[in-house]
1. Per residue of region 84-101, in order, report the coupling 6.51 cos²θ - 1.76 cosθ + 1.60 (Karplus, θ = phi - 60°) as ³J(HN,Hα) in whole Hz, putting x for Gly and Pro.
2. How much net charge surrounds Gln162 when only other residues with a Cβ under 14 Å from its Cβ are counted (Lys, Arg +1; Asp, Glu -1)?
3. In a Gaussian network model over the chain where Cα atoms closer than 10 Å are linked, find which of Tyr93, Tyr149, Tyr186 has the largest mean-square fluctuation.
4. Beyond 22 Å, how much of the Cα-Cα pair distribution for region 151-224 remains, as a whole percent?
5. List, in order, the whole-Hz ³J(HN,Hα) value for each residue of region 27-36 obtained from phi through the Karplus relation with A = 6.51, B = -1.76, C = 1.60 and θ = phi - 60°; use x for Gly and Pro.
6. Please list, by residue number, everything in region 54-78 whose backbone N is under 20 Å from a paramagnetic label point 7 Å out along Cα→Cβ of Lys120.
7. Where Rh denotes the Kirkwood radius from the mean inverse Cα pair distance, what is Rg over Rh for region 23-82?
8. Using modelled amide H (1.01 Å from N, peptide plane; none on Pro or chain starts), what sits under 5 Å from the amide H of Gly129, excluding residues fewer than 5 places away?
Amino acid sequence: MYFKKLILLFLYCVAIYREAPAQSQKTTFFLQTDFDQLYLKDSVKISKCAIYLTNFKFYNQAQLVFVDTIKAHLVDLLDPNPIQFNIAANLVYNRVVFNIGVDSNTNVAGILTGDLDPRKGMYWAWQSGYINFKLEGILNTKVQQPFQYHIGGYSGNLNAIQTNSFEVYPNNKYTLSFNFMPMLQYFFAQKQFELMSPQLKAVQLAKLLSENTTCTKVQNLSNE
């Protein structure tokens, strides 16, 4: 009888263990821009900055180990919330890959929901697709010069989506910095204060933003 009780207790513990939620590890990304530098000069006032960050994937060397179940994160970079991933504790990774913008398959997938809902104001039309990021504001010179840049495009040589890849490790926090100053300097030097449709210049400017996006580990900050 005693032996049977031990067997039953063992089977019960196994069942509880199997039903227990798997432990997870966290990787968190804070988001920031270089707008504070612009404000110090008091020459540029940003009124809107929205961006799509999509298709987050984590790799261990060349092996894909985790894919974000949320396909697209629409982020207000004027007041951003961190993006956090809960990943199974047994997974090892050393790199994250993600897109700035919406891929072509999503653009032709029809009407979507969540952050990809057209009512979010980041969708032109089915021919043009999603706006990858918006930047609007006022340049203060001798007169106030409004500007608005809606960067997107998904077809052929007008595909403006950009892919970024950074070294990251489990249970750490990082800051993704999106530096718009080089893009603004380019536009202002060209005296171009509006770009509102897919075109080669939009691809060029999307690439410029991607090249000036950085990822830095936050030191001495717990994930708890």
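Derivation of every value follows stated rules applied to the coordinates shown; laboratory data play no part. Small disclaimer: the values here were computed from a predicted structure and weren't measured. Backbone-built Cβ (ideal geometry, glycine too); neighbour counts: all protein chains shown.
1. Couplings: 10, 10, 9, 10, 3, 5, 7, 8, 10, 8, 9, 7, 10, 10, 8, 10, 9, x Hz.
2. Details: positive: Lys207; negative: Asp103, Glu211.
Local charge sum for Gln162: -1.
3. Residue with maximal mean-square fluctuation among Tyr93, Tyr149, Tyr186: Tyr186.
4. I get 38 percent for the Cα pairs in region 151-224 exceeding 22 Å.
5. Taking θ as phi minus 60°, the curve returns 10, 10, 10, 7, 10, 8, 10, 9, 5, 4 Hz for region 27-36.
6. Taking a point 7 Å out along Cα→Cβ of Lys120, the residues of region 54-78 whose backbone N falls under 20 Å are 54-58, 67-78.
7. 1.11
8. When sequence neighbours closer than 5 places are left aside, the close amide H contacts are Trp124.
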